[in-house]
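Below is one structure; the comments refer to it alone.
The values are calculated or read from the model by the stated rules, or taken from the named source; none is laboratory data. Quick caveat: nothing in here was measured; it's all calculated off a predicted structure. Neighbour counts run over all protein chains shown; Cβ positions are idealised from the backbone, glycine included. These accessible areas exclude ligands, DNA and RNA; they are computed on the full protein's heavy atoms, side chains included. Shrake-Rupley method; radii C 1.70, N 1.55, O 1.52, S 1.80 Å.
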Amino acid sequence: MRGFWAVYRKELYALFASPIFYVVALIFVVLHGYFFYTALAYYSMVSFQASQNPFMAQQVNLMDMVVRPVLMDVAVVLLLTAPLLTMRTYAEERRSGMMELLFTLPVTDKAVLAAKFAGVLTTLTLLLAGTLPSMAILEAFADPNWKAMLCAYAGLFLMGASFLSLGMFSSALTRNQIVAAVLSFGALLLFWVIGWLSSIMGPTSVRLAEYFSIIRHFDNFSKGVLDSRDVIYYLIFMGFFLFVTVRQIESYRWRG
């Protein structure tokens with residue numbers, strides 16, 4: 001798409017020149033390190049007890065006791081940090097008047113959206129890549145199932161990308177970055193907790209609530225199970241919010 005790379009480079013420069021990315025990255029890495037350390041310490045303690053009690057050996061599972069809980073905790077951290085990564089994508093340009101300048105350039109709204117989305121996906125990739133060295137440490141304690149771990153990371157990336165797509169839509173709705181972050185977090189939290197309502201709903205409503213729950217679709221990934229229904233859900237989620245974001249931006253163009 002015309003103008004994609006120019007906007008993409010501009011987005012990366014804006015992200016890495018801002019202290020927001022470095023603060024988010026620091027918080028992300030520190031929290032991941034804490035969650036990983038506590039999970040690994042618990043696994044080591046249980047493994048030691050299992051070595052003295054053969055009946056406990058069947059309960060020691062690296063994927064269930066370390067990898068899955070840690071990535072679930074990372075998903076919670078992404079829920080909190082994704083709005084911070086996307087809050088400026090459109091809100092800042094609307095506030096500063098750069099949006100009007102973009103409208104005069106020979107670049108389509110879809111190309112701008114794709115470039116901005118690629119920019120925040122790059123930061124997501126870097127954040128997740130920062131957690132891989134800790135997973136490599138597991139080789140010293142056991143024989144981890146890397147296929148299951150990569151499947152879990154794929155699910156984490158798709159869920160994080162879904163967070164970012166909704167965050168970009170929230171940013172397109174307002175000129176204030178803080179308002180965009182709050183809107184994004186509130187909407188993501190709703191998609192997160194909607195599955196919790198299944199205990200008070202009828203059978204049909206339970207199925208709908210579980211389908212719309214964004215965390216429920218990560219469950220299979222975290223177990224190392226690749227289900228096409230979960231992949232389709234995240235792709236539809238991203239596609240919908242990117243689509244409405246383009247329509248929102250186009251409405252600004254026609255309204256001037």
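Couple of notes before you dig in:
- The stretch 82-120 - residue that is open to solvent by 10 Å² or more (accessible area, probe 1.4 Å) and of a type in the set (S, T, N, Q) and, of those, farthest from L12 (Cα to Cα): T104
- For A136: the one exception among (1) out of contact with any Leu (no Cβ under 6 Å at 6 or more places or on another chain); (2) crowded, with 16+ Cβ neighbours inside 10 Å; (3) within 27 Å of M45 (Cα to Cα): (2)
- Residues satisfying the stated conditions in the stretch 209-255, i.e. outside any helix (DSSP H, G or I), open to solvent by 90 Å² or more (accessible area, probe 1.4 Å) and hydrophobic (A, V, I, L, M, F, W, C): L226
- Some residue of the stretch 11-22 being surrounded by fewer than 19 Cβ atoms within 10 Å (Cβ to Cβ), acidic (D, E) and farther than 23 Å from L132 by Cα: no
- Any hit, the stretch 1-16, residues being out of contact with any Gly (no Cβ under 9 Å at 6 or more places or on another chain), in a helix (DSSP H, G or I) and either within 20 Å of D73 (Cα to Cα) or at pLDDT 90 or above (or both): no
- Applying the condition of being part of a helix (DSSP H, G or I) and touching a residue at least 12 places away in the same chain (Cβ under 8 Å) to the stretch 121-131 and asking which residue is most open to solvent (accessible area, probe 1.4 Å) yields L126.
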